[in-house]
Amino acid sequence: MAGSKGMYLAYFFQALIALNGVIAYLEGQYQAMFTAILMFAATFVPYVVADRLNVRFPWFVYFLIALSLTIHISGYVEGWYVTGYPYYDKAAHLISASSIALLGFLGAIFLDRYWRMNLTPLFIVLFTVTFGMALGGIWEIYEFTVDQIFGGSLAGPMQAGLADTMWDMIADLVGSGGVALLGIIYFRNHRVEEIEDSMDGHKEA
């Protein structure tokens, strides 16, 4: 996995997060700089998890996480959440929901392997959509809370009314549903055990 050419995409977007942190510092956006530092650190979480649990994640897991965080920090530092509203915001929700749903999909398979839950492909696919939508709903509550307590984030108010929230949730549904659809297509020709075996770090790649 670590030597996969696809991993260079993940490294590239990790570098962009760091670059945004530098730009934020040079422009005196210290809150954005601190956010960039946290996001850069967050991109290393899957590496730590994979090492501690002896799991092999596909390269696109690292890539999607780095891409999602890059989109968010760039939106703040470069002001794209404002200048590109509402399209930039919805694209961010779509990509983030896809990443979260993918983590839910692989997480369910991982638990099925090590907790011997005997999950069916249908359950895993439904869980993928539910997980993505649930995290999307929690994020909307977070946005509402930030607006109510602090009056907004670095880019201003995080919510612009009911329609904005609903379109965010629709973007989350499309992203989560897209991952679930790919899961359905995959399960038509493969077994759950095949993915479990590919993630088992005890086995040779």
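Take Gly107 and tell me if it is free of Cβ contacts under 8 Å to residues at least 40 places away in the same chain, farther than 21 Å from Ser68 by Cα and of a type in the set (Gly, Ala, Ser). Criteria not met by Gly107.
The residues of region 17-51 that are of a type outside the set (S, T, N, Q), surrounded by 17 or more Cβ atoms within 10 Å (Cβ to Cβ) and within 16 Å of the chain's Cα centre (by Cα), listed by number, are Ile17, Ala36, Met39, Phe40, Pro46. When the criteria are applied in full, Lys5 meets the requirement of being charged (D, E, K, R), on the phi < 0 side of the Ramachandran plot and outside any helix (DSSP H, G or I).
Quick check: anything in region 89-102 over 29 Å from Gly21 (Cα atoms) and out of contact with any Cys (no Cβ under 8 Å at 6 or more places or on another chain)?
Residues of region 89-102 that are over 29 Å from Gly21 (Cα atoms), as a first pass: none.
Looking for residues that are over 29 Å from Gly21 (Cα atoms) and out of contact with any Cys (no Cβ under 8 Å at 6 or more places or on another chain), one finds none in region 89-102, hence no.
Just to be sure, is Tyr25 assigned to a helix (DSSP H, G or I), within 21 Å of Ser96 (Cα to Cα) and of a type outside the set (A, V, I, L, M, F, W, C)?
Values: assigned to a helix (DSSP H, G or I): yes; within 21 Å of Ser96 (Cα to Cα): no; of a type outside the set (A, V, I, L, M, F, W, C): yes.
Here the answer is no, as Tyr25 does not meet what is asked.
When restricted to residues that are over 21 Å from Leu103 (Cβ atoms) and free of Cβ contacts under 8 Å to residues at least 12 places away in the same chain, region 28-54 contains 3.
Look through Thr128, Thr120 and report the one residue that is of a type in the set (Ser, Thr, Tyr), within 21 Å of Ser198 (Cα to Cα), surrounded by 14 or more Cβ atoms within 10 Å (Cβ to Cβ) and touching a helix residue (DSSP H, G or I) at 6+ places or on another chain (Cβ under 9 Å). Write out each step before concluding.
Values: Thr120 fails: surrounded by 14 or more Cβ atoms within 10 Å (Cβ to Cβ).
Every option except Thr128 fails the conditions.
Read-outs: derived from the displayed coordinates by stated rules, not from any lab. What you see is a predicted model; the values in this text were computed from it and never measured. Cβ atoms come from the backbone with ideal geometry, glycine included; neighbour counts cover every protein chain shown.
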